[in-house]
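Engineer: Just dropping this structure here.
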Amino acid sequence: MGNRVAELAALVDGAGRLGRAVTADAAGKGELLEEAAFDNPDLLVAVAVADGEAETGSLATSWHSNKFLNPVPDGAVLPILHLNGYKINNPTLLSRIPGEELANLMRGYGWTPHFVEGDDPMVLYQEMAATLDRCMAETRTIQGEARASGKAVRAHWPMILLRTPKGWTGPKTVDGHKMEGFWRAHQVPLAGIHENPEHLKQLNTPLELAINNEIDRFSLAIDVINRLPHLQVAGAHVKEKLRDMQIECRNHAYTYGIDKPNVADWTWPF
């Protein structure tokens, strides 16, 4: 049984069961039948598959599971093949073949691939969101046409080929060794945070990551002020205070390796 993550109720973690994601977890051939797309017409299951896992025999075979999905009574599966280039200590095969060859491989399996590639988080977030919208629209079109006619057809369902560096947004180097975009990122990059102050300083706290990606509460408040013309004058000092709070939180995380208690324990007031 996959592990459910408390913070994300709809997320099922199938870690440790390499190769079974597309079939057992998504299509419904295994234990997770209650999560399955079969006989669940309104369900769309997004399945993240790493390129290392994709080399297993069971996963390579499971690409054919789309042939068992009927767009009339069933839901759909949206595979997201993550090409980060490395498994535990070696390059991955699918990340090394040319993009068009990989796309043709997936088309041969019966999927319609969409590429999302890059290393700029803010650009890639927008591209990923737009691609997800496009894939969902294609899925609903396939289902709508089949359900309107009542005829079962073999559909070429959309999928996403996501290419980002291994260890993306993590430390680029640790102790002089390349980390991001290399196999070392599959290991424990910062193994000595309790004994090594330099390792601790390289470890991002949750709030630091949010600030880096401009999705923290302070950045969101600043964005709201910037979008409302009547707040430009009155909100100027508020934006300055919010940026000061960001700096204060960064400094605390850098010094102690954890977020400030009033930040870590904060909850929505309603």
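Engineer: Given the conditions (1) touching a His at 6+ places or on another chain (Cβ under 7 Å); (2) at pLDDT below 85; (3) surrounded by 15 or more Cβ atoms within 10 Å (Cβ to Cβ), report the number of the one that PRO171 does not fulfil.
Structural biologist: Result: PRO171 passes all but (1).
Engineer: Search the stretch 225-247 for residues being in contact (Cβ under 8 Å) with a residue 12 or more places away in the chain and under 30 Å from ASN196 (Cβ atoms), and hand back the single one that is surrounded by the most Cβ atoms within 10 Å (Cβ to Cβ).
Structural biologist: The selected residue is GLN246.
Engineer: Kindly evaluate ILE215 against the criterion of being farther than 16 Å from LYS172 by Cα and within 28 Å of the chain's Cα centre (by Cα).
Structural biologist: yes
Yes/no per residue for (1) touching a Pro at 6+ places or on another chain (Cβ under 7 Å); (2) at pLDDT below 80; (3) closer than 30 Å to LEU83 by Cβ; (4) not hydroxyl-bearing (Ser, Thr, Tyr):
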residue: PRO189; (1), (2), (3), (4): yes, no, yes, yes
residue: LYS201; (1), (2), (3), (4): no, yes, no, yes
residue: GLU208; (1), (2), (3), (4): no, no, yes, yes
residue: ASN213; (1), (2), (3), (4): yes, yes, yes, yes
residue: HIS252; (1), (2), (3), (4): no, no, no, yes
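Engineer: State yes or no: is GLY181 on the phi > 0 side of the Ramachandran plot, outside the structural domain of ILE258 (by TED's automatic domain parsing) and not charged (D, E, K, R)?
Structural biologist: yes
Engineer: Please specify each residue of the stretch 147-168 satisfying the condition of being assigned by TED's automatic domain parsing to the domain that holds LEU43, of a type outside the set (Val, Ile, Thr) and surrounded by fewer than 18 Cβ atoms within 10 Å (Cβ to Cβ).
Structural biologist: Within the stretch 147-168, ARG147, ALA148, SER149, GLY150, LYS151, ALA152, ARG154, HIS156 meet the criteria.
Engineer: Any chance the stretch 190-200 includes a residue that's under 20 Å from the mean Cα position of the chain (by Cα) and within 30 Å of LEU94 (Cα to Cα)?
Structural biologist: no
Engineer: Yes or no: the stretch 49-61 includes at least one residue that is free of Cβ contacts under 8 Å to residues at least 40 places away in the same chain, outside any helix (DSSP H, G or I), closer than 16 Å to LEU162 by Cα and touching a Leu at 6+ places or on another chain (Cβ under 7 Å).
Structural biologist: yes
Engineer: Now, a different point. Can you list residue pairs whose Cβ atoms sit under 6 Å apart, with the first residue in the stretch 110-126 being in the same structural domain as TRP157 (by TED's automatic domain parsing) and the second being in a helix (DSSP H, G or I) and of a type in the set (Ser, Thr, Tyr)? Count only pairs 6 or more apart in sequence or on different chains.
Structural biologist: HIS114/THR131; VAL116/THR131
Engineer: Can MET128 be described as outside any loop (DSSP other than H, G, I, E, B) and within 21 Å of ASN40 (Cβ to Cβ)?
Structural biologist: no
Engineer: Here are LYS151, LYS166: which of them is over 28 Å from the mean Cα position of the chain (by Cα) and in contact (Cβ under 8 Å) with a residue 40 or more places away in the chain?
Structural biologist: So the residue among LYS151, LYS166 that is over 28 Å from the mean Cα position of the chain (by Cα) and in contact (Cβ under 8 Å) with a residue 40 or more places away in the chain is LYS151.
The values are calculated or read from the model by the stated rules, or taken from the named source; none is laboratory data. Bear in mind that the values here come from a model prediction, so they are computed numbers and not experimental data. Please note: Cβ atoms are built from the backbone with ideal geometry, for glycine as well, and neighbour counts cover all protein chains shown.
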